[in-house]
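The values are calculated or read from the model by the stated rules, or taken from the named source; none is laboratory data. Since this is a predicted model, take the numbers as computed values, not measurements. In this analysis, Cβ positions are derived from the backbone assuming ideal geometry, glycine residues included, and neighbour counts consider all displayed protein chains. Heads up: the accessible areas ignore ligands, DNA and RNA and are worked out on the full protein's heavy atoms, side chains in. Shrake-Rupley method; radii C 1.70, N 1.55, O 1.52, S 1.80 Å.
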Amino acid sequence: IQAKFFEITPSFILGYPGEAEENLEKLFAEIARQPRAVLFMDEAEWILKTRDGQSSSVMERITPVLLSQLSTLFNEKDRQIIIIAATNEPQKIDKAFLRPGRFDKKFYVGLPNASKIVKINLNGKAFEITDEELATIAEALDGYSGADIAHIIDEAAFDAFDRNDTERDHILKDDIIKVIARTARSVTGELMRKFEKFEIENKH
C-alpha cells in the first residue's frame with residue numbers, strides 16, 4: 001500500500017522520566033509528515049492498559065498523551081492512516097480506546113493452523129516426516145499457540161542433534177511428539193473462552 005510503517009512496543013515507551021513522552025512526540029510528528037502510514041501497537045494490553053490497573057507512574061503519564069495523539073489521528077478522516085493494535089489480553093485495554101471512532105473494528109484471531117506452523121518452523125531444518133505423520137503431529141498440537149509450536153520444533157531439533165547419530169540426526173515425528181508431551185499449552189481452555197466471550201460481546 002506504499003505506506004510508512006511505525007511501531008509502538010512496551011520498550012518504546014520506557015526510559016528515564018520524560019523520555020517516553022519525547023519518543024511519542026517525535027513518532028507522531030513523523031507520522032504527521034507522511035501521506036500514508038500504518039501505526040502498529042504490539043502488546044496493546046500493556047500500552048493501552050486501563051488506568052485503574054496502572055501501577056507505573058510512567059504509564060499514568062503516557063496514557064492520556066497517547067489517547068490525545070491517537071484521537072487526533074482518528075479524527076483526521078481525510079488522511080490515509082491505518083492504526084492497528086494487537087493483544088492477548090483485550091480485557092485489560094482501557095475502554096476509552098475502544099469507543100466508536102477509535103479502535104472500533106475488532107477482529108478475533110484464533111489459534112493457528114498447526115500443520116502450517118509446523119511446516120514453517122521445519123523449513124531450513126533436516127527432518128524426515130511424512131504427510132501422514134504431519135497430520136498426527138498437527139492433531140497432537142491442537143490448542144497450542146504459534147509460539148508454543150515454534151518452541152516445540154526447536155526443542156525437537158535439539159533432541160535430534162543430541163542423538164549423536166550422523167545417519168539419524170533428522171527431526172522425526174517421535175522427536176516432536178515427545179516434546180509435545182513435556183510442553184504445556186500457553187493458551188488454556190479457560191483463556192480461549194475469555195477470548196471468545198470478548199469477541200462475542202464486542203463484535204461489530
Item checked: For ILE84, residues with placed amide H under 5 Å, excluding near neighbours -> LEU39, PHE40, MET41
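So what is the calculated 222 nm ellipticity per residue for the chain, using -39500 (n - 2.57) for each DSSP H run with n of 4 or more, over all residues, to the nearest 500 deg cm²/dmol? Spell out each step's value before the answer.
Values: 8 runs with 95 residues, N = 204.
Rounded to the nearest 500, it is -14500 deg cm²/dmol.
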Note to self: Solvent-accessible area of HIS170, probe 1.4 Å, all protein chains present, reported in Å² to the nearest ten, please.
What the structure shows: 60
Check: Which far-off residues, 5 or more places away or on another chain, put their amide H under 5 Å from the one on GLU89, with H placed in the peptide plane?
Finding: GLU45
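So, for the chain, what is the accessible surface per residue at a probe of 1.4 Å, expressed in square angstrom? Don't jump to the answer; show the numbers that get you there.
Working: 12590 Å² over 204 residues.
Counting only protein heavy atoms, the per-residue value for the chain is 62 Å².
Say the cut-off is 18 Å between C-alpha atoms; which of LYS119/LYS173; LYS26/LYS95; LYS26/LYS77 go over it? Walk me through the numbers before you get to the answer.
Numbers: LYS119/LYS173 13 Å; LYS26/LYS95 26 Å; LYS26/LYS77 22 Å.
The answer is LYS26/LYS95; LYS26/LYS77.
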Notebook entry, point to check: Using heavy-atom solvent-accessible surface (probe 1.4 Å) with all chains present, what is the largest-first order of PHE6, PHE12, PHE158?
Noted result: PHE158, PHE12, PHE6
Margin query: Let me check something: with ligands and nucleic acids excluded, how do THR72, THR183, THR63 order by accessible area (1.4 Å probe), largest to smallest?
Written below: THR72, THR183, THR63
Checklist line | Probe 1.4 Å, all protein chains present, accessible-area order of PHE40, PHE107, largest first | finding: PHE107, PHE40
Note to self: How far apart, in nanometres, would the label points at VAL187 and ASP142 be if each is projected 7 angstrom from Cα along the Cα-to-Cβ direction?
What the structure shows: 1.5
Check: Modelled label-to-label distance, GLU30 and ILE177, 7 Å Cα→beta-carbon offset: nm?
Finding: 5.0
Next item on the list: Would you kindly find the accessible area of ILE137, with a 1.4 Å probe and non-protein molecules such as ligands, DNA and RNA excluded, rounding to the nearest 10 Å²?
Entry: 0
Check: How big is the accessible area of ILE1 in square angstrom, nearest 10, if you roll a 1.4 angstrom probe over the protein chains?
Finding: 150
Notebook entry, point to check: In the chain, what percentage of the DSSP-assigned beta bridges are antiparallel, given to the nearest 5?
Noted result: 5
Next item on the list: Take the solvent-accessible surface of the protein heavy atoms, probe 1.4 Å, and return the percent of it on region 129-204 that carbon and sulfur atoms account for.
Entry: 50
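How much length is gained if the chain between ASN75 and PHE161 is pulled fully straight, taking 0.36 nm per residue apart and subtracting their Cα-Cα distance, in nm to one decimal? If you can, show how the numbers build up before the last one.
Numbers: separation 86, 0.36 × 86 = 30.96 nm, distance 5.57 nm.
Difference between extended and current length: 25.4 nm.
Estimate the FRET efficiency between PHE5 and ARG99 by the formula 1/(1 + (r/R0)^6), using the beta-carbon distance for r and 35 Å for R0, to the nearest 0.05.
Numbers: r = 26 Å, r/R0 = 0.73.
That gives a FRET efficiency of 0.85.
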